[in-house]
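Encoded as structure tokens, the structure appears first; notes follow it.
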Amino acid sequence: MVSGILTVFSSLLPRGKSCPTPSLVSQPGFFSLNFSYRIVSMNISDLFKYKKVLFSLEIFPPKKDSPYNVIYNSLLKMRGIPADFISVTYGAGGSAAQRDKTVEIASLIRTTYHVEPVAHLTCVNNNRDQIDHLLEQLRANHIQNIMVLRGDITPTAELSDDFRYASDLAAYIKKADPGFNLLGACYPEIHYQAATMDEDIANLKYKIDAGVTQLATQLFFDNEKFYAFLDKIARANITIPISAGIMPITSLNQIERTVALSGASVPHKMARMFSRYSDSPKALFDAGIHYAIEQIVDLIDHDVQGIHLYTMNNVETATRISDAIQNLLDAENLPRINT
Ligand code: FAD
């Protein structure tokens, strides 16, 4: 049994890289595996081959005026969460000064918390030299997984001469260094610039043809929209793994901002919850967490391949949701060992 688990574990490691050396340690009443740890980087698309459902977190670097130790403290408290990977956003909201911090935080996730990081990278305001510089930083920090994104077009930032779409960035990176594993974004309720869902899905295929091996969705609150999207992309012969993006909404302010930014539709059940608890922030907080958990339980019941939790750096919501679904994930992911 143990050697089977070790076989599964070691098969996840990339060839030619150093790996942890396992040793069996006897404890009163049970055996545990003790790894003397060395840094390895893992192509996380391999994980989808061995686990039925992945669970990942997304965090963002602190805003310009926020102290840095806030994110470090949050990560410290989140380290009990058994995430398959943690992704770190890049310049979201246009905070250019913070951009280099994506690599720094992703590196910390790898070295201090031993969780596989994914660094987001947008191209809409970057030229080739800037991308080359960032790729060099990622390589130097053993970060193998990149979420390739276009980024939002804003009136104040200069557009790149070299990249127009996320697929351009994917193709460029794959040519420069095929060793990087690329993730991409997709939109169960349509990207706001696409005329039709069919057009958006046709464009999504360019990204996959350019080397993206797995997708994470824009957040959504209505699982039926996600299931309808899965049907459509299956009909378009898109077969790469997709993680469902879930964001717990725990305050009235958050719902207005989030709906405006994401365009996600708000189901009647969620609207009712907000109206019922609008005068009670604590009840609303709890209700928002329960709503996200219900969404995830339903997704797991529908054989979702991954849950990508938009944590908004909120330790309490991430921990409560993770605790609530952990037994389900464990049951889904029972090791399947070939005998
Ligand atoms: P693309 O895939 O390039 O698509 C953008 C639009 O162009 C779509 O309408 C698409 O249909 C169309 N299109 C694509 N290719 C073509 C083509 N070849 N010809 C014609 N039309 C085409 N933003 C940040 O700034 N930082 C982040 O870290 C970040 N992380 C994100 C993570 C996730 C999981 C998601 C869902 C979004 C994230 N975003 C982030 C937001 C994202 O940058 C925006 O949604 C952006 O508007 C689109 O990015 P994209 O990579 O999906 O673009």
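Here, each number is a calculation from the coordinates, and none is a lab measurement. As the structure is a computational prediction, the values presented were derived from the model and not from experiment. FYI the Cβ positions are ideal-geometry reconstructions off the backbone, even for glycines, and counts take in every protein chain you see.
Side notes on the structure shown:
- Straightening the chain between Ala271 and Asp298 buys 7.8 nm, computed as 0.36 nm per residue apart minus the Cα-Cα spacing.
- Partner lysines for Lys175 [C-alpha distance under 20 Å; skip if fewer than 8 residues away on the same chain]: Lys205, Lys207
- Prolate/oblate/rounded label for segment 202-339 (Cα gyration tensor, a/c 1.5): oblate
- Based on Cα contacts under 8 Å between residues 6+ apart, segment 39-332 shows a relative contact order of 20 percent.
- Spin-label zone in segment 99-140 - amide nitrogen under 19 Å from a point set 7 Å from the Cα of Asn203 along the C-beta vector: 121-126
- Added length on full extension, which subtracts the Cα-Cα distance from 0.36 nm per residue, Glu136 to Ser280: 46.9 nm
- Distance-filtered residues of segment 45-60 - backbone nitrogen under 13 Å, label point 7 angstrom along Glu104 Cα→Cβ: none
- In segment 242-339, Cα pairs under 8 Å separated by at least six residues give a relative contact order of 41 percent.
- Cα shape, segment 39-332, gyration tensor, a/c 1.5 rule: rounded
- Global form of segment 169-255, assessed from the alpha-carbon gyration tensor, a/c cut-off 1.5: prolate
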